[in-house]
1. Select, from GLN32, GLN4, the only residue that is in contact (Cβ under 8 Å) with a residue 24 or more places away in the chain, loosely packed, with under 12 Cβ neighbours inside 10 Å and part of a helix (DSSP H, G or I).
2. Among the residues of the range 35-64, which ones are over 14 Å from the mean Cα position of the chain (by Cα) and part of a helix (DSSP H, G or I)?
3. Of the residues LEU34, LEU10, LEU27, LEU5, which is out of contact with any Pro (no Cβ under 9 Å at 6 or more places or on another chain) and at pLDDT 90 or above?
4. Which residues, taken from the range 15-43, are in contact with a strand residue (DSSP E or B) (Cβ under 9 Å, 6 or more places away or on another chain) and under 19 Å from GLY3 (Cα atoms)?
5. Taking the range 7-22 on its own, how many of its residues are in a loop (DSSP other than H, G, I, E, B) and surrounded by 10 or more Cβ atoms within 10 Å (Cβ to Cβ)?
Amino acid sequence: MKGQLMKLLLESGKGFFVEKDGFVISLRSELQGLVHHEAFTEQMKDIIEYRTMDYYRRRYRETR
């Protein structure tokens, strides 16, 4: 299940996330410099939370 959620994040977000050895998921290297900007981190947090809720909502609907 966790793998499916990570796959969804990798496919969404307009290429924000990439696969990287040793990590579950990684931010594109071009975006690493923005990590310390509060607005950017809030936006990334919102994206991840939204995608996570959407994923579990869809799974719930499919199992009913």
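The values are calculated or read from the model by the stated rules, or taken from the named source; none is laboratory data. Treat the numbers as computed from the prediction; the structure is a model and nothing was measured. Every residue, glycine among them, receives a Cβ derived from its backbone with ideal geometry; neighbour counts consider all protein chains shown.
1. Details: GLN32 fails: in contact (Cβ under 8 Å) with a residue 24 or more places away in the chain.
Among GLN32, GLN4, only GLN4 is in contact (Cβ under 8 Å) with a residue 24 or more places away in the chain, loosely packed, with under 12 Cβ neighbours inside 10 Å and part of a helix (DSSP H, G or I).
2. Within the range 35-64, the first condition is being over 14 Å from the mean Cα position of the chain (by Cα), and the residues that meet it are 35-39, 57-64.
Of everything in the range 35-64, those that are over 14 Å from the mean Cα position of the chain (by Cα) and part of a helix (DSSP H, G or I) turn out to be GLU38, ALA39, ARG57, ARG58, ARG59, TYR60, ARG61, GLU62, THR63.
3. When all the criteria are applied, what remains is LEU34.
4. PHE16, PHE17, VAL18, GLU19, LYS20, ILE25, SER26, LEU27, ARG28
5. Quick first cut of the range 7-22, residues in a loop (DSSP other than H, G, I, E, B) only: 12, 16, 19-22.
Narrowing the set further to residues that are surrounded by 10 or more Cβ atoms within 10 Å (Cβ to Cβ) leaves 12, 16, 19-20.
Counting residues in the range 7-22 that are in a loop (DSSP other than H, G, I, E, B) and surrounded by 10 or more Cβ atoms within 10 Å (Cβ to Cβ) gives 4.
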